[in-house]
Amino acid sequence: MIAWTDHLIVAPIALPLASGAVMLMLGERRHVAKSAISILTTLLLLAVSLALVHSTSGTGLSSDTAPNARAYLIGDWPVPFGIVLVLDRLSALMLVLTAILGCTTLVYGFARWNRAGPRFHTLFLFQLMGLNGAFLTGDLFNLFVFFEVVLSASYGLLLHGSGTDRVRIGLHYVAINVATSLLFLIGVSLIYGVTGTLNMADLTAHIAAVPPGDLALLQSGAAILGLAFLVKAGMWPLGFWLPTAYSAATPPVAALFVILSKVGIYALLRTSLLFFGDEAGAAFHFADDVLLWGGMATIAFGTIGVLSSQTLSRLAGFCIVISSGTLLATVGTGNVTVLSGALFYLASSTLGISAFYLLIELVERGETERGSAPLTEPVFDDEYTGALEPDEGSEVGVVIPATIALLGGGFIFCSILLAGLPPLSGFIAKFAILDGLIGLQRITAPSTWVLIALIILSGVATLVAMTRAGIDLLWTPGEGAQTDLRLIEAAPVGILLALCLGLMIFAGPVVAYMEETARALHDRGAYRSAVTSAPRANSPKVSR
Amino acid sequence: MEAILALGIGVLTASGVWLILRPRTFQVIIGLSLISYAVNLFIYAMGRLRVDAPPVVGSGAADPAKFADPLPQALVLTAIVISFAMTALLLMILLTLRGLTDTDHVDGEEKAP
């Protein structure tokens, strides 16, 4: 018999599924009821994921005895045969990030975007369900199914609001992702053909025992699977779709999509560490170099992209590319200390970029309503004359409007966060990564120095691009008052930025959690034994 | 039988890849469908090819060597359903784009000749 708290693991999947399905039955006009149900669900999700983090991390000194991973058997089938959900520190962390982004972007959507098209709330909750499922599943084929749930909800959300541009870019996005899913299937079936299992914990044991003759097949399967993850993560030659697709989405959707690219990184991290760790025999540390160099190429591509972006939303898209590249390269180093820094960076950059996406609309809305630059025109104009207008009157009496001050403050906060300047969490994250890199044993390797240089350069480029945009958008006085800022739109941005501030203030405990997470990720034995020794319900009334 | 299946998968994939690189939306959709057929056959083949072997074991002890592997068949079923739904969605987007831009080019505009 298992305790009721063990059933909490399935709640992040079951809860949004049930609420989303119920909302399908409500009429399109009942926005208030739908908004109430969906915000209630996301808040519950947040509470559940916080409880799950608490249950994996243990308290105080007893953290050594706290289980690193817990498994939940769906339908109470024994382990290698049934579907299993696995909760460990990394998946709990990703659940919390998803729930936070879910809450904030949903509240932002209440301002007006939830009425821009049909079934926003249902799609939104299904998106959260797919994300949570992908983070929790312990089974390769289920990972595929949850990827498909994530993708099909994201197709709907990307097309939300309609319009020629969204439909055109939506067609590209769907076509690319359908093709990627087919690659995913080929990879999964090759791995199944060689090892005869799809359970991730079971696979760790089988991969070590693969005969040398089948190794090439296994590695091609894993490579094709990795390709599918890398397309989602937006690695350099595979990620050209990312900035375009994200800039076409409505702001709350784009802000939620920030975590979508992290799903690819999560899947890569989980599978590469589980399958090709130290005891994987001949397949040992397969493809680490590809990740390292591919990640560096991605950072370089993102850096150039940030500098050449003509609109703020593309700039944010390239910030995601930089963040993906940094994460991929650090995963490629295969070092625990670097990885813990990377996880901190993941949390900080996800929250920061999400806040930035929400902020973009607020900033640019004022800009368009003042009529100085339509959204389709380039934001940056080297010969802007607005600031130099002589009829400004006495400069002493110029009062910065409160909304501009707020937006500008948020913008500066975002810039510092994304560029990784002290004292905010972006700096702590990058510092943790660089510290881990400098501590590497193969410090003499040129790749390490190139990576360090690229991480610093990408920060500088982000700062330059953001400063340029900020001066042009916020410091150039326009005619008429800035459109008023609604609390419901400002609050989510404020919450996200406050969380980043919290990451900075409580950096000590958070970094400790990340270090423990990184160590647990390298502890394949604990993961395997948690799955194989998962408690069974044994009583028919619990099994579903 | 292996050779025929392998050739079939190869021909389907090759045609599909050629089609998804074409500029018309309808060709892209047919290409994706062809590749998904190839992938479905491939998943099925990964359970090893068996003729006249049932996938479902009856009650009582059974010799696994006499049965086909049921798991790839279940996976194929899931994959078919998902790719079917995605093709339907893609068709809808195709029609919308056709209506919005009056062209069936994937970029929504004809390239200058």
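The values are calculated or read from the model by the stated rules, or taken from the named source; none is laboratory data. Since this is a predicted model, take the numbers as computed values, not measurements. Note that each Cβ is placed from the backbone with ideal geometry, even for glycine, and that neighbours are counted across all protein chains shown.
Below are the figures for this structure:
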| quantity | calculated |
| --- | --- |
| Failed condition for A:T164, given (1) over 17 Å from B:G47 (Cα atoms); (2) more than 8 Å from chain B (Cβ to nearest Cβ) | (2) |
| Given (1) within 18 Å of A:V84 (Cα to Cα); (2) more than 24 Å from the chain's Cα centre (by Cα), index of the condition A:V210 fails | (1) |
| Top-ranked residue of the stretch A:185-218 - restricted to ones that are in contact (Cβ under 8 Å) with a residue 60 or more places away in the chain and buried (at least 21 other Cβ atoms within 10 Å of the Cβ), ranked as farthest from the other protein chains (Cβ to nearest Cβ) | A:T204 |
| Verdict on A:F141 being assigned to a helix (DSSP H, G or I), without any contact (Cβ under 8 Å) to a residue 60 or more places away in the chain and more than 8 Å from chain B (Cβ to nearest Cβ) | no |
| Unique match (being assigned to a helix (DSSP H, G or I), β-branched (V, I, T) and modelled with pLDDT of 90 or more) among A:T41, A:T56, A:T5 | A:T41 |
| Verdict on B:D107 being of a type in the set (D, E), within 12 Å of chain A (Cβ to nearest Cβ) and not in a helix (DSSP H, G or I) | yes |
| Residue in the stretch B:62-79 that is part of a loop (DSSP other than H, G, I, E, B) and within 12 Å of chain A (Cβ to nearest Cβ) present | yes |
| Pairs where the first residue, in the stretch B:82-104, is within 17 Å of A:D165 (Cβ to Cβ) and facing chain A (nearest Cβ under 9 Å) and the second is assigned to a helix (DSSP H, G or I) and of a type in the set (G, A, S), C-beta under 8 Å, 6+ apart | B:I93/A:G170 |
| Long-range neighbours under 9 Å by Cβ, at least six apart or interchain, first residue within 8 Å of chain A (Cβ to nearest Cβ) and over 14 Å from A:L185 (Cβ atoms) within the stretch B:20-44, second crowded, with 16+ Cβ neighbours inside 10 Å and of a type in the set (D, E) | B:T25/B:D104 |
| Unique residue being more than 7 Å from every other protein chain (Cβ to nearest Cβ), farther than 23 Å from A:Y192 by Cβ and not hydrophobic (A, V, I, L, M, F, W, C) when the list is B:G47, B:G58 | B:G58 |
| Residues located in the stretch B:56-74, provided they are over 22 Å from the mean Cα position of the chain (by Cα) and touching a residue at least 12 places away in the same chain (Cβ under 8 Å) | B:V56, B:K66, B:F67 |
| Residues satisfying the stated conditions in the stretch A:266-278, i.e. modelled with pLDDT under 80 and within 19 Å of A:L198 (Cα to Cα) | A:F276, A:G277 |
| Candidates A:V32, A:V10, A:V48 - the one that is farther than 24 Å from A:V263 by Cα, at pLDDT 85 or above and assigned to a helix (DSSP H, G or I) | A:V32 |
